[in-house]
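Just below is one structure, and these are the notes that go with it.
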């Protein structure tokens, strides 16, 4: 009995140690108008918080990335316009043995300056969001991971009260529901989260029964995510620096709260950017750029409502994007305008962040994704 218990404990210890020390691939999307040249791949150790460079592939302005469900393929926006003739979505094959990316093909994104790309749960459809054009496109995926020309392009209409930033539609995110039945599309220019019913067999998008959730005028919806329990959803609004909490059920959003991401020291424009929830559903994190350069940390109550508990300086400029590592022991912040990723240790009990002192030097980092 004692021998069996010892073997059990030894096996559990070895398994836990292996899990903690497991290295995962870190993919970094960038803007290439500065020091960067494309997509960078690192190996990240979830025990030590250190990252080692593995590979890089040259490609223009890959400012947002998406990984296929089987992790064999990576899709990147080319956030360009070609004189008003549109941006592109590029497809790459990922080699898990050596961490290299191989270019497959690229297709027109359906508009100018694509800033977001997502893959549906089947891996058969890629959806691009075009910021400058205020449009979105559905691109079929072939068996080898490459892309076909867009089968659907949807053009949003309208404007907002902020004449400088909301003169026309500006799609900023294309986010699939967990059941793959709906696509949620925050549009910064028209102050709406557009909601589409999605047919995973045909790739067709149609207006959902609730066709949109309206934001406060001038708020500028940007990024969107779901709570792990799928009962709540959350939207970050760039122009107002706020997070909106919703009750969620079968494609319907019911607003229950709108809360500021600002601290008492913040008096100007927040430029809020990204939003993520820990997998235990206890904490929500939101990034602020402009003069703030912070991560706002919220506790998620059982009701789905948020309580602000802290602000953490990102120790850099313009945290456009951030993400947990797969173990969620660390949170990595891509500080676009200070050319580095800052690695924070995350306390899973309190949600708070502390600086590890570890940095990844890369030009204009703006997207963090993982392959494990």
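Computed across region 218-319, the Kirkwood hydrodynamic radius from all distinct Cα-Cα pairs reaches 13.4 Å.
Using just its DSSP H runs of length 4 or more, each adding -39500 (n - 2.57), the chain gives a mean residue ellipticity at 222 nm of -2000 deg cm²/dmol after division by all residues. Sorted ascending by nearby beta carbons within 10 Å, beginning with the fewest, 311, 170, 50 become 50, 311, 170. Taking all C-alpha pairs of region 261-335, those more than 22 Å from each other amount to 20 percent. Please give the FRET efficiency for residue 50 paired with residue 258, using the beta carbon to beta carbon distance and R0 = 51 Å, rounded to the nearest 0.05. The calculated FRET efficiency here is 0.85.
The length gained on full extension between residue 24 and residue 105, counted as 0.36 nm times the residue separation minus their Cα-Cα distance, comes to 26.6 nm. Residue 93 label point, 7 Å along Cα→Cβ, cut-off 20 Å on backbone N: hits in region 138-153? Only 140-149 fall inside the zone, counting backbone N under 20 Å. Sorting 116, 42 from the fewest to the most surrounding beta carbons within 10 angstrom yields 42, 116. Model label sites at residue 33 and residue 204, defined 7 Å from Cα along the beta-carbon direction, differ in position by 4.0 nm. In a fully extended conformation the segment linking residue 159 and residue 313 would gain 52.1 nm over its present Cα-Cα distance, using 0.36 nm per residue. Legend: calculated FRET efficiency, residue 230 to residue 352, from the Cβ-Cβ distance at R0 = 22 Å, rounded to 0.05, equals 0.25.
Gain on full extension, evaluated as 0.36 nm per residue between residue 345 and residue 291 minus their Cα-Cα distance, stands at 17.1 nm. Cα extents for region 319-372 along the principal axes, largest to smallest and rounded to whole angstrom: 33, 24, 17. Fewest-first ordering of 164, 37 by other beta carbons within 10 Å of each residue's beta carbon gives 164, 37.
Every number in this text was worked out from the coordinates using simple rules, so none of it is lab data. Remember, predicted model here, so these are calculated numbers, not experimental data. FYI the Cβ positions are ideal-geometry reconstructions off the backbone, even for glycines, and counts take in every protein chain you see.
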